[in-house]
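Everything on this sheet refers to the single structure shown next.
The values are calculated or read from the model by the stated rules, or taken from the named source; none is laboratory data. Since the structure is predicted, the reported quantities are computational estimates derived from the model, not experimental observations. For neighbour counting, all protein chains shown are included, and Cβ atoms are generated from backbone atoms with ideal geometry for every residue, glycine included. Accessible surface is based on the protein model in full, side chains and every heavy atom, while ligands, DNA and RNA are left aside. Shrake-Rupley method; radii C 1.70, N 1.55, O 1.52, S 1.80 Å.
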Amino acid sequence: GEQGALVFSAVFLAVWAGAAIVTLNAQLLGGTISFFQSVCVLGYCVFPIAIAAAVTTLLRAFVHSMVAELILVITGFLWSTRASVVFIGGFISDERRTLAVFPCMFFYTFLSWMVLL
């Protein structure tokens with residue numbers, strides 16, 4: 001119903017705004033990265049979190065195990081973060097890499113937190 005549309009809108013906005021901010025940050029730090037290329041790759045890197053969300057939803061239908069949910073979401077978070085760090089890190093100089101990669105971690109932390117809600 002209407003709540004599903006609101007949830008979809010919030011997640012859609014969070015993914016696009018987050019990816020845009022992370023990309024803009026990388027560009028401002030001197031990265032040689034295309035805006036749309038970065039937004040697309042960061043979007044693809046959300047896939048492990050999406051898998052964790054789907055499995056968590058199925059898990060909640062049968063057994064409500066917070067430990068299993070945490071393990072799934074943390075695994076998805078680590079996988080997503082690692083994939084995006086490797087990608088973004090390739091376009092930034094070594095001395096500024098941490099400043100460019102840190103927002104990626106926050107971005108995927110926020111999305112992972114949304115899965116646990």
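A few comments on the model shown:
- Added length on full extension, which subtracts the Cα-Cα distance from 0.36 nm per residue, residue 16 to residue 86: 23.2 nm
- Carbon + sulfur, % of accessible area of the chain - ligands and nucleic acids excluded, 1.4 Å: 76
- Scalar couplings 3J(HN,Hα) for the stretch 99-111, obtained by applying the Karplus form with A = 6.51, B = -1.76, C = 1.60 to θ = phi - 60°, are 5, 7, 8, 4, x, 4, 4, 5, 4, 6, 5, 4, 5 Hz; x denotes Gly and Pro.
- Distance in nm between pseudo-label sites at residue 68 and residue 32 (7 Å out along the Cβ direction from Cα): 4.9
- Cα-centred dipole magnitude for the chain, charges only on beta-carbon of K, R (+1) and D, E (-1), debye, nearest 20: 100
- Residues in the stretch 53-59 carry Karplus couplings, in order, of 5, 5, 5, 4, 4, 5, 5 Hz; the curve used is 6.51 cos²θ - 1.76 cosθ + 1.60 with θ = phi - 60°, and Gly or Pro positions show x.
- Rounded to the nearest 10 degrees, the inclination of helix 2-28 to the longest alpha-carbon principal axis of the chain is 20 degrees.
- The chain - percent relative contact order, Cα under 8 Å, separation 6 or more: 34
- The angle between the Cα long axis of helix 35-44 and the longest principal axis of the Cα atoms of the chain comes to about 30 degrees, rounded to the nearest 10.
- Using θ = phi - 60° in the Karplus curve 6.51 cos²θ - 1.76 cosθ + 1.60, the 3J(HN,Hα) couplings for the stretch 76-84 round to x, 4, 4, 5, 4, 5, 4, 5, 6 Hz; x is entered for Gly and Pro.
- Solvent-accessible area per residue, Å², over the chain with all protein chains present [probe radius 1.4 Å]: 62
- Separation of the stretch 74-101 and the stretch 1-46, taken as the distance between their Cα centroids, equals 15 angstrom.
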